[in-house]
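Let me begin by presenting the structure, written as structure tokens, before commenting on it.
The values are calculated or read from the model by the stated rules, or taken from the named source; none is laboratory data. Because the structure is predicted, anything quoted here is derived from the model rather than measured. So basically every Cβ, Gly included, is an ideal-geometry build from the backbone, and we count neighbours across all protein chains shown.
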Amino acid sequence: MLNIAVCVKQVPDTEARLSVAADKTRIEEQGISFILNPYDEHAVEEAIRLKEKQGGTVTVFCLGPARAEEAIRTALAMGADKAVHLADAAFGGGDEGTAAAALEKAIAGKSFDLVLAGRLAIDDASGQVGARLAEKLGWPHVTAVTRLAVEGREAVANREIDGGSQVVAVTLPAVITAQRGLNQPRYPKIPDIMKARRKEVAKVTPADLGLSGGEVGGAGAKGKVAGLAPAPGRSAGKVIAGEPADAARKVVGLLRDEAKVI
Amino acid sequence: MATDIWFFAEHKDGNLRKVTLELLGEAKRLAAAAGGEAVAVLAGSGLGGLAGQLGQYGPDRIILLDDPALAEYRTGPYTNVLAVLVAERKPLAFLFGNTALTRDLAPRVAGRCGAPLFSDCTGAAYRDGALHFTRPMYGGKLYADVTGAAVGQPGTTVFAALRANVFGAAQATGGSPAVETAAVAVPPDALWPVVKETLAQVSGKVELAEANIIVSGGRGVGGADGFKVLEELADALGAAVGASRMAVDNGWRDYKYQVGQTGKTVSPTLYIACGISGAIQHLAGMSSSKCILAINTDPEANIFKVADYGIVGDLFQVVPALTQEFRRLLAAS
Ligand SMILES: Cc1cc2nc3c(=O)[nH]c(=O)nc-3n(C[C@H](O)[C@H](O)[C@H](O)COP(=O)(O)OP(=O)(O)OC[C@H]3O[C@@H](n4cnc5c(N)ncnc54)[C@H](O)[C@@H]3O)c2cc1C
Ligand SMILES: Nc1ncnc2c1ncn2[C@@H]1O[C@H](COP(=O)(O)O)[C@@H](O)[C@H]1O
């Protein structure tokens, strides 16, 4: 029996055209669609597979505004049992530290054996919350995991390292962050989506977690976005025509003499 | 000192990593602006030779964490020794390279220190008494200017991980930095994880994120075998081989070579995209490259909208021709 928590974040669709809101520190959310963070799909999938094999429960934890319930429902439709939604406005505008702190309060002391998270949220591209959450909980963590086995009170994981991979073991409870390659996330079927609508999503506030207003969201954040701007654009360069051999000669010449990159 | 800029001097197989010299270059620039020292933190076991190597590149000071317990990277021991050091001395900033190792380590250390960490930064500056970093966000569509809320107030170290290949590396001009050996004490409960096996990639291959030149292939490569022509070009250039998600999903390349929003972010001097259409999620991983060369049969392919140079043609003809040209050029120089 495994009692598993999965942390999920809702992020803008990768195709979305983004613009900067008037305050120049956040994106304009009007008119864009959101998805369950791709790495979190792998985390949810792995949790469900472990439950299917060993029995237990899967609880989803998500910090985000009301719209994030859609991502929660996706995870529930995949097969998670219930969810806790940290949806209060006071949680907004925080950083990885405040997210980890709030998630820790929601997760600690509930006899979870394992927390699964994504290795990275593709919106902020921080890759921090998993490890920070583990630190708060006082548990070991393993990042960028492509294979996971739970054997008794031990988690054995393949993790990506620079130039290769490594098999490591940690004692449960532990936090594991999912890398692509861990599994192939399932697509929820219509009946599962219907069933997910009836699953419990508990809404919690900072006060429910014993946190003061100053410890959450923008007020508690140590990192601040001072400004947000469109990326410096790239424009189309030169297209070189001709037979392959000619074109290759020309391009190599340009790379050397004009771009000076070789 | 509260104005010092520290950096984590990562090394591998007895050599400093390339990104380490870039961190040193940036640490020196920021330290000069902030009025502090550029300080290397070198951790491992038997570090005398590496400290000598590093000293040549001119840090003001090297702090050695030299202990058998640190011989192999493990999250627990490394977190412990770094967090103790930061808590004791409270530098202004602690810089890391954006590598797999530090993506595991830096958030944990920052968490223990109650510090902000800015990941995968492409710019840094000391302005109006505060450190600012530039971070591509939302798949590189937007760039954020980020800063520590309490920078300038003593006791708040700002952590930042810098993208490889973006910052100018320090040059070996000689130097004799102060070398100090700090005490290492690792409590038994910090000895995690247990490393069961390390499967290293064939040595001699260039690491994707640190590569100066990347030759990347997409669906146009047609199969695992098709990558041979890209590998030949990469060998001629000392380049690394990357892939689009299509190539990875088709099983032609391992996931760790995927470039993009759900893969690696890279910033080489030259990115050669072969048979890649230039989907927005792919661009997310490579649009900070200095120069992009695209080879594609479709003149309308999106990749040509961002490429500095493009060749419209079949990669199986163009890439071997490029290999030949580069070989000729490199043999002549
Ligand atoms: C949530 C999400 C995350 C994603 N993350 C990533 C990511 O991290 N990285 C990524 O790459 N993609 C990612 N994608 C996928 C992305 O949307 C594209 O599907 C993918 O990048 C396309 O790969 P491709 O360019 O190789 O293939 P295609 O789009 O099929 O392009 C193949 C190109 O090859 C050309 N071609 C064909 N034959 C030849 C030939 N002989 N010579 C020369 N050119 C030829 C064609 O003209 C075409 O332009 C993601 C998608 C989603 C939804
Ligand atoms: N607001 C959030 N709510 C729940 N989980 C989160 C949240 N933010 C981040 N996470 C988890 O932490 C992972 C890494 O996020 P990040 O550090 O923001 O890149 C994500 O893939 C999620 O699993």
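A single entry from B:Thr269, B:Thr262 fulfils the requirement of being β-branched (Val, Ile, Thr), more than 12 Å from ligand 1 (Cβ to nearest atom) and within 13 Å of another protein chain (Cβ to nearest Cβ): B:Thr269. Can you tell me how many residues in region B:162-197 are within 9 Å of chain A (Cβ to nearest Cβ) and within 23 Å of A:Gly127 (Cα to Cα)? Residues flagged as within 9 Å of chain A (Cβ to nearest Cβ) and within 23 Å of A:Gly127 (Cα to Cα) within region B:162-197 amount to 4. Take region A:61-107 and flag every residue that is touching a helix residue (DSSP H, G or I) at 6+ places or on another chain (Cβ under 7 Å) and within 14 Å of chain B (Cβ to nearest Cβ). Once the filter is applied, which keeps residues that are touching a helix residue (DSSP H, G or I) at 6+ places or on another chain (Cβ under 7 Å) and within 14 Å of chain B (Cβ to nearest Cβ), region A:61-107 yields A:Gly93, A:Gly94, A:Glu96, A:Gly97, A:Thr98, A:Ala99, A:Ala100, A:Ala101, A:Ala102, A:Leu103, A:Glu104.
Taking the condition over 26 Å from B:Asp298 (Cα atoms), within 13 Å of ligand 1 (Cβ to nearest atom) and within 14 Å of another protein chain (Cβ to nearest Cβ), does B:Lys256 pass? Against the criterion (over 26 Å from B:Asp298 (Cα atoms), within 13 Å of ligand 1 (Cβ to nearest atom) and within 14 Å of another protein chain (Cβ to nearest Cβ)), B:Lys256 qualifies. In region B:65-77 there is no residue that is closer than 16 Å to A:Gln128 by Cα and under 15 Å from the mean Cα position of the chain (by Cα). If only residues of region B:95-134 that are aliphatic (A, V, I, L, M) and part of a helix (DSSP H, G or I) are counted, the one that is nearest to B:Thr265 (Cα to Cα) is B:Ala100. Among the residues of region A:102-127, those identified as basic (Lys, Arg) and more than 9 Å from ligand 2 (Cβ to nearest atom) are A:Lys105, A:Lys110. From the list A:Asp123, A:Asp113, A:Asp88, the lone residue that is of a type in the set (D, E, K, R), touching a Pro at 6+ places or on another chain (Cβ under 7 Å), farther than 22 Å from A:Ile32 by Cα and surrounded by fewer than 24 Cβ atoms within 10 Å (Cβ to Cβ) is A:Asp113. When residues in region B:296-333 are screened for being more than 9 Å from chain A (Cβ to nearest Cβ) and under 23 Å from B:Glu210 (Cα atoms), 2 of them pass. Scan region B:289-307 for residues that are within 26 Å of the chain's Cα centre (by Cα) and surrounded by fewer than 23 Cβ atoms within 10 Å (Cβ to Cβ) and the total you get is 3. Looking for whichever is within 16 Å of ligand 1 (Cβ to nearest atom), free of Cβ contacts under 8 Å to residues at least 12 places away in the same chain and assigned by TED's automatic domain parsing to the domain that holds A:Glu215 here; the options are A:Glu15, A:Glu41, A:Glu28, A:Glu45. Which one fits? Step by step, each of A:Glu15, A:Glu41, A:Glu28, A:Glu45 is checked, and only A:Glu15 is within 16 Å of ligand 1 (Cβ to nearest atom), free of Cβ contacts under 8 Å to residues at least 12 places away in the same chain and assigned by TED's automatic domain parsing to the domain that holds A:Glu215.
In the set B:Val186, B:Val166, B:Val179, B:Val206, only one residue is of a type in the set (Val, Ile, Thr), in a loop (DSSP other than H, G, I, E, B), more than 24 Å from the chain's Cα centre (by Cα) and under 24 Å from B:Leu50 (Cβ atoms); that residue is B:Val186. Listed by position, the helices (runs of 4 or more DSSP H) enclosed by region A:145-262 that each have at least 3 residues that are within 12 Å of another protein chain (Cβ to nearest Cβ) are A:217-220, A:244-257.
Specify the residue that is nearest to ligand 1 (Cβ to nearest atom); the eligible residues are those in region B:221-240 that are within 14 Å of chain A (Cβ to nearest Cβ) and touching a strand residue (DSSP E or B) at 6+ places or on another chain (Cβ under 9 Å). Per the stated criteria, the residue is B:Val229. Mind checking whether some residue in region A:187-203 is surrounded by fewer than 20 Cβ atoms within 10 Å (Cβ to Cβ), at negative phi and within 16 Å of ligand 1 (Cβ to nearest atom)? Taking every residue of region A:187-203 in turn, at least one turns out to be surrounded by fewer than 20 Cβ atoms within 10 Å (Cβ to Cβ), at negative phi and within 16 Å of ligand 1 (Cβ to nearest atom).
Go through region B:272-288 and give me each residue that's near ligand 1 (Cβ under 6 Å from one of its atoms), crowded, with 24+ Cβ neighbours inside 10 Å, over 18 Å from the mean Cα position of the chain (by Cα) and not in a loop (DSSP other than H, G, I, E, B). If the condition is that a residue be near ligand 1 (Cβ under 6 Å from one of its atoms), crowded, with 24+ Cβ neighbours inside 10 Å, over 18 Å from the mean Cα position of the chain (by Cα) and not in a loop (DSSP other than H, G, I, E, B), then B:His282 is the only one that fits.
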